[in-house]
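S.K.: Could you have a look at this structure, given as structure tokens, before my questions?
The values are calculated or read from the model by the stated rules, or taken from the named source; none is laboratory data. Source: prediction; values computed, not measured. So basically every Cβ, Gly included, is an ideal-geometry build from the backbone, and we count neighbours across all protein chains shown.
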Amino acid sequence: MQIAARPSEGRVILDLSGDIDLANSPAMRKALLGEIKDKRIPKVFLNLKNVRYIDSSGIASLVEGLKASRDNGGRLILYSLSPSVREVMELSRLQKIFEIYDNEEQALAT
Amino acid sequence: MVRATLQCATEVAHFHEAESRAIVRSVDEALANVIRHAYKGQNGLPIEVTCRRLFSDPQKTNLSGLEIVLSDSGAPADPKKLCGRPLDEIRPGGLGLHFIKQSMDVVEFRRENGKNLLRMVKYLVPSKPEEKKSEKENRPCRLPLDLPKEG
């Protein structure tokens with residue numbers, strides 16, 4: 001898994017790629033909570049276009065990130081979900097809990 | 001490596017892409033549960049994964065599909081914890097077993113000869129086409145009556 005950050009005023013886009021599983025979800029969790037809790041960025045966008053696989057530990061990290069952002073009065077926004085990520089979101093019935101957009105343009109327009 | 005190998009097995013068995021992903025995800029979640037719970041987070045301990053293609057017979061008493069059995073020598077699983085958690089509460093954790101139950105047609109656990117055995121089956125055609133999604137979500141895990149016996 002790889003994470004690249006694109007920061008700008010009041011927001012950051014995290015481009016995630018590869019597989020998010022038991023072995024590397026702690027790295028994603030650390031990066032996500034670092035932006036939300038440590039840097040207190042109000043809007044954190046996750047670009048999931050190149051995430052081939054995500055398991056329940058990855059989803060757990062996303063839920064933790066969502067809770068942390070709400071606690072801070074911020075927003076965690078997901079976009080460009082790959083079929084694999086979308087399926088897992090639906091299986092866990094979280095697609096209506098998260099803010100999810102089809103692409104970056106739509107996500108950034110919010 | 002397990003994910004890639006299973007991916008190939010599902011393709012050989014002619015599963016569609018989404019079903020293939022569901023099988024791979026289920027086995028991956030099951031492996032993660034073994035590492036987390038049976039082996040208490042210790043890496044490098046043995047988990048045996050057996051994959052067998054199932055073929056239907058002319059009478060259709062058996063269906064085509066894929067059977068995967070995981071075997072580990074870790075701590076016995078607590079049957080009470082083998083049915084996942086309700087999805088109503090939004091909190092991290094506890095989703096792996098839910099994914100498995102939702103994705104596979106058969107999920108059976110038993111303890112045999114000091115080993116945990118998890119058998120999962122995915123059929124190429126739905127085993128119960130009339131079954132609604134909500135019924136599947138509420139379906140209990142199948143636990144053999146001799147579960148507590150130690151070998």
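S.K.: Out of the residues in segment A:33-62 that are acidic (Asp, Glu) and crowded, with 19+ Cβ neighbours inside 10 Å, state the one that is modelled with the lowest pLDDT. Outline the logic, then answer.
M.R.: Taking segment A:33-62 and keeping what is acidic (Asp, Glu), we get A:35, A:38, A:55.
Subsequent filtering for residues that are crowded, with 19+ Cβ neighbours inside 10 Å retains A:35, A:55.
Values: A:Glu35: 96, A:Asp55: 93.
Taking the candidates together, the pick is A:Asp55.
S.K.: Moving on to the next point. Please enumerate the residues belonging to segment A:10-47 that are out of contact with any Gly (no Cβ under 8 Å at 6 or more places or on another chain), part of a helix (DSSP H, G or I) and closer than 28 Å to B:Val2 by Cα.
M.R.: Those that are out of contact with any Gly (no Cβ under 8 Å at 6 or more places or on another chain), part of a helix (DSSP H, G or I) and closer than 28 Å to B:Val2 by Cα: A:Pro26, A:Ala27, A:Lys30, A:Ala31.
S.K.: Out of the residues in segment A:62-79 that are away from chain B (no Cβ under 14 Å) and aliphatic (A, V, I, L, M), state the one that is nearest to A:Leu48 (Cα to Cα).
M.R.: Here the answer is A:Leu78.
S.K.: Under the condition of being among the acidic types (Asp, Glu) and buried (at least 21 other Cβ atoms within 10 Å of the Cβ), which residue from segment B:19-50 is nearest to B:Pro76 (Cα to Cα)? Walk me through how you get there before you give the answer.
M.R.: So in segment B:19-50, the residues among the acidic types (Asp, Glu) come out as B:19, B:28-29, B:48.
After this cut, where a residue has to be buried (at least 21 other Cβ atoms within 10 Å of the Cβ) as well, the list is B:28-29.
Working: B:Asp28: 19, B:Glu29: 17 Å.
Selected residue: B:Glu29.
S.K.: Quick one: is B:Leu97 at pLDDT 85 or above, of a type outside the set (S, T, N, Q) and farther than 29 Å from B:Ser73 by Cβ? Reasoning before the result, please.
M.R.: Values: at pLDDT 85 or above: yes; of a type outside the set (S, T, N, Q): yes; farther than 29 Å from B:Ser73 by Cβ: no.
It is false that B:Leu97 is at pLDDT 85 or above, of a type outside the set (S, T, N, Q) and farther than 29 Å from B:Ser73 by Cβ.
S.K.: Would you mind finding the one in B:Arg139, B:Arg85, B:Arg119 that is at pLDDT 75 or above, among the charged types (D, E, K, R) and surrounded by 13 or more Cβ atoms within 10 Å (Cβ to Cβ)?
M.R.: Numbers: B:Arg139 fails: at pLDDT 75 or above; B:Arg85 fails: at pLDDT 75 or above.
Residue meeting the stated conditions: B:Arg119.
S.K.: Could you grab me the full set of residues in segment A:17-35 that are touching a strand residue (DSSP E or B) at 6+ places or on another chain (Cβ under 9 Å) and either within 14 Å of another protein chain (Cβ to nearest Cβ) or under 21 Å from B:Val24 (Cα atoms) (or both)?
M.R.: Looking only at segment A:17-35, we keep the residues that are touching a strand residue (DSSP E or B) at 6+ places or on another chain (Cβ under 9 Å), and these are A:17-21, A:24-25, A:27-28, A:31-32, A:35.
A:Ser17, A:Gly18, A:Asp19, A:Ile20, A:Asp21, A:Asn24, A:Ser25, A:Met28, A:Leu32 - these are the residues of segment A:17-35 that are touching a strand residue (DSSP E or B) at 6+ places or on another chain (Cβ under 9 Å) and either within 14 Å of another protein chain (Cβ to nearest Cβ) or under 21 Å from B:Val24 (Cα atoms) (or both).
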